[in-house]
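Have a look at the structure below, then the notes.
The values are calculated or read from the model by the stated rules, or taken from the named source; none is laboratory data. Because the structure is predicted, anything quoted here is derived from the model rather than measured. Cβ placement follows ideal geometry from the backbone for every residue including glycine, while neighbour counts extend to all protein chains displayed.
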Amino acid sequence: MAGSSDHSHDCEFVLQTSGLSKRFGQVKAISDLDLAVRRGEVYGFIGPNGSGKTTTIGMCLGLMHPTSGSVRVFGQKVTPRDTRALRGVGSLMGTPGMVPSMSGRKNLRLLARMRPEIDAERVEEVLDFVGLTQAAGRRVKGYSLGMRQRLGLGAALLHRPELLILDEPTNGLDPAGMREIRELLRRLADDGVTVFLSTHLLHEVEQVCDRVTMLAKGRQVAQGPVANLLSGGETVRVRLAEIALAANSLNSLSGVTAVRPKGQWLEIEGVSSKTVVVHLVRHGLVPEEVTNGRADLESVFLNLTGEGEGADIGDGGGAQLFPDTPVLVDSAA
Amino acid sequence: MFVNVLRAQQTKTLASGVLWVELAALAAITALLVTLTNTMTELKADAPVTLAGQMNEMLQHAGTSTMGHVLAVVLAGAVMAQEYNWRSLHLWLSQGVSRTTLLWTKLVSLIVPVALFFVVTAAVTAAVAGGFLYVEHGSIGPVAGELVDLLRTAGLGAYGVLPFAALALLLAVTGRSMLVAVGGGLALTMMGEMLFVQIMGMIGGRALDLVAYLPGSLVPGLLGMEIEAYQPLEPGAAAAVIAMYTGLFMVAATLIFRRQDLHD
């Protein structure tokens, strides 16, 4: 899939931002964002709506001027005045910019006119790849949102990019369509395409991404491999009679980031179930039942941003959630 | 890159619905004007009795009257503003096309549609006037020998329309909306120039010479026409001023476009 570009991109990081910031008047949309996306990985960029994901992507694609900081693609600086490095990039940002009165096929052919190396066969191949062969002759104004997203993805793939930057690509898709896109992204990654995926659907990231950056209110709150984030977010549930006593005792245990009483149960985060049991027994408290719940990315994210119900991230902020993992956390968040 | 982007822009501009509506309207208006010229006694008295003469008159009319200017403003303003609405600008720019290339190819891609205005004018005039002349005189007069003159009139007329296309692009980039681009362009073209001419007429004397430098007054100079109200510029000077206006509007549009943040 990848590799037909005439760029010689040998650098390890295909997309990098350094101290990237964007201000709209008094509003600071993005603050000191440092990203480093490695070649061949599927990189998740997650955050709630309004957290600054699209603004960041706008700057990465040379559509917006950073207030400070820089963007590098394949090692080359990208600014709105110099976007040459983007010729090896495919992107989908919001609703794809197609000509509504033209058919899907004609829209792709129009884009292909800009690149002589793309032939009619490639257009058909891409239409087939995104599942639009049947509807390719219809005008885009009659397409559903999901079909437009697929066409946008097709446009992004047309020139066999080495880096794919996608902003909410599953918007408007039904669950089956979402799954298809996820599978498609993994297939692209297997073919060597680097994928930078922005989304607020954490479930999506958990399933396809190798590493993630979490964004909240324009600030980077965590960055690292998905597996590390999830293992750091393990939740231990203990049922016992002396809830209050046990909660007090566990709060003093090193590594514990949150202790939440829930009825007859206590939920403990930050340490393993074995550590909890040993600690309780040492203090004369015998658990009647212990379960070990692996946190999903959503609960990790909510804990980090303090947006979850009953979230308790302690004095050290999100950092304490991942004490043993090589995760970069912005302590100012 | 410029040529490749131009090819894509040309395809897009020629597929624009606005262009085909304009061409249809132009054909209808031309047919009406030619019919009136050949049927109304007062107009008929001054009308040329050859097809070439009538075609030349209609081509001059398309280039010098507000009709050609309005068509250029509407087309350029609409196609550029639509790029913002459809977000196709985002798509193209994010594929590494430079903003300067995008804007200038847009202007160049408008040359063929503007030329089509004159082709349609010539074709409709030929069909309608040819019919009337043949019925009345049994001949349409010599055309082949007049072809160079007709092409010259059409070519210079099309060239004279360029500042209006550039102005509409500037307004579209500044306002990012069809209303600003088309509305503002039409207001400046139809009312702004007229107001300026009236004010200069009231002042009189040397002030009236300035009228010859208005974008709308340049094509008569280019075609070497005689105008009662003012003294048109010499053809060379008129051509230079047309290039200057086009360049100025495009440079201003480019500077604004390069500074813009393109977000939803």
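Descriptive notes on the structure:
- Test result for B:Ala229, within 27 Å of B:Met58 (Cβ to Cβ) and outside any helix (DSSP H, G or I): yes
Results for (1) closer than 24 Å to A:Arg150 by Cα; (2) away from every other protein chain (no Cβ under 14 Å); (3) hydroxyl-bearing (Ser, Thr, Tyr); (4) crowded, with 24+ Cβ neighbours inside 10 Å, shown as yes or no for each residue.
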| position | (1), (2), (3), (4) |
| --- | --- |
| A:Ser18 | no, yes, yes, no |
| A:Ile30 | no, no, no, yes |
| A:Leu35 | no, yes, no, no |
| A:Gly88 | yes, no, no, yes |
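- Residues that are more than 14 Å from every other protein chain (Cβ to nearest Cβ) and buried (at least 24 other Cβ atoms within 10 Å of the Cβ) within the range B:99-113 comprise B:Leu110, B:Pro113, listed in sequence order.
- Candidate set: the range A:127-178, residues that are away from chain B (no Cβ under 14 Å) and hydroxyl-bearing (Ser, Thr, Tyr); chosen: the one surrounded by the most Cβ atoms within 10 Å (Cβ to Cβ): A:Thr170
- Checklist (1) more than 13 Å from chain B (Cβ to nearest Cβ); (2) buried (at least 24 other Cβ atoms within 10 Å of the Cβ); (3) not in a strand (DSSP E or B) applied to A:Gly58, failing item: (1)
- Taking the listed residues A:Leu280, A:Leu253, A:Leu184, A:Leu197, the one that is of a type in the set (A, V, I, L, M) and under 14 Å from the mean Cα position of the chain (by Cα) is A:Leu197, with no other qualifying.
Results for (1) under 18 Å from the mean Cα position of the chain (by Cα); (2) touching a residue at least 24 places away in the same chain (Cβ under 8 Å); (3) away from chain A (no Cβ under 14 Å); (4) crowded, with 20+ Cβ neighbours inside 10 Å, shown as yes or no for each residue.
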{"site": "B:Asp209", "(1), (2), (3), (4)": "no, no, yes, no"}
{"site": "B:Pro215", "(1), (2), (3), (4)": "yes, yes, yes, yes"}
{"site": "B:Pro220", "(1), (2), (3), (4)": "yes, yes, yes, yes"}
{"site": "B:Glu228", "(1), (2), (3), (4)": "no, no, yes, no"}
{"site": "B:Met244", "(1), (2), (3), (4)": "yes, no, yes, no"}
{"site": "B:Asp261", "(1), (2), (3), (4)": "no, no, no, no"}
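- When the range B:128-151 is filtered for residues that are of a type outside the set (Asp, Glu) and surrounded by 14 or more Cβ atoms within 10 Å (Cβ to Cβ), the ones remaining, listed by number, are B:Val128, B:Ala129, B:Gly130, B:Gly131, B:Phe132, B:Leu133, B:Ile140, B:Gly141, B:Val143, B:Leu150.
- Test: residue in the range A:66-79 that is buried (at least 18 other Cβ atoms within 10 Å of the Cβ), touching a Gly at 6+ places or on another chain (Cβ under 8 Å) and facing chain B (nearest Cβ under 7 Å): no
- Residue that is touching a residue at least 12 places away in the same chain (Cβ under 8 Å), crowded, with 19+ Cβ neighbours inside 10 Å, of a type in the set (S, T, N, Q) and in contact with a helix residue (DSSP H, G or I) (Cβ under 7 Å, 6 or more places away or on another chain), where the choices are B:Thr189, B:Thr174: B:Thr189
- Any hit, the range A:171-178, residues being at pLDDT below 85, within 29 Å of A:Ile118 (Cα to Cα) and in contact with an Asp or Glu (Cβ under 9 Å, 6 or more places away or on another chain): yes
- B:Gly201 being over 17 Å from the mean Cα position of the chain (by Cα), outside any helix (DSSP H, G or I), away from every other protein chain (no Cβ under 14 Å) and loosely packed, with under 15 Cβ neighbours inside 10 Å: no
- Among the residues of the range A:106-138, just one is closer than 14 Å to B:Val5 by Cα and out of contact with any helix residue (DSSP H, G or I) (no Cβ under 9 Å at 6 or more places or on another chain), namely A:Glu117.
- Cβ-Cβ under 7 Å pairs, at least 6 apart or on other chains, the range B:77-89 side more than 8 Å from every other protein chain (Cβ to nearest Cβ) and in a helix (DSSP H, G or I), far side crowded, with 24+ Cβ neighbours inside 10 Å and not hydrophobic (A, V, I, L, M, F, W, C): B:Gly77/B:Gly185; B:Met80/B:Lys106
- Residues of the range A:233-262 that are under 29 Å from A:Ala222 (Cβ atoms), in a strand (DSSP E or B), in contact (Cβ under 8 Å) with a residue 40 or more places away in the chain and not β-branched (Val, Ile, Thr): A:Arg237, A:Ala258, A:Arg260.
One line per residue, one yes/no per condition, for (1) at pLDDT below 90; (2) within 15 Å of the chain's Cα centre (by Cα); (3) of a type outside the set (Asp, Glu); (4) more than 9 Å from B:Gly77 (Cβ to Cβ):
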residue: B:Ala154; (1), (2), (3), (4): no, yes, yes, yes
residue: B:Phe164; (1), (2), (3), (4): no, yes, yes, yes
residue: B:Leu170; (1), (2), (3), (4): no, no, yes, yes
residue: B:Thr174; (1), (2), (3), (4): no, no, yes, yes
residue: B:Met194; (1), (2), (3), (4): yes, no, yes, yes
residue: B:Val197; (1), (2), (3), (4): yes, no, yes, yes
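- For B:Gly96: the one exception among (1) at pLDDT 90 or above; (2) more than 14 Å from every other protein chain (Cβ to nearest Cβ): (2)
- Search result, residues across the range A:263-287 that are part of a loop (DSSP other than H, G, I, E, B), free of Cβ contacts under 8 Å to residues at least 40 places away in the same chain and crowded, with 17+ Cβ neighbours inside 10 Å: A:Val271
- Test for A:Pro116: is it buried (at least 22 other Cβ atoms within 10 Å of the Cβ), out of contact with any strand residue (DSSP E or B) (no Cβ under 8 Å at 6 or more places or on another chain) and at the interface with another protein chain (Cβ under 9 Å from one of its Cβ atoms): no
- Residues in the range B:8-59 that are within 14 Å of another protein chain (Cβ to nearest Cβ), part of a helix (DSSP H, G or I) and surrounded by fewer than 16 Cβ atoms within 10 Å (Cβ to Cβ): B:Leu14, B:Gly17, B:Trp20, B:Val21.
- Number of the condition not met by B:His137 [criteria: (1) in contact with a helix residue (DSSP H, G or I) (Cβ under 9 Å, 6 or more places away or on another chain); (2) in contact (Cβ under 8 Å) with a residue 24 or more places away in the chain]: (1)
- Counting the residues of the range A:91-106 that are more than 8 Å from every other protein chain (Cβ to nearest Cβ) and either among the β-branched types (Val, Ile, Thr) or in contact with a Pro (Cβ under 9 Å, 6 or more places away or on another chain) (or both) gives 1.
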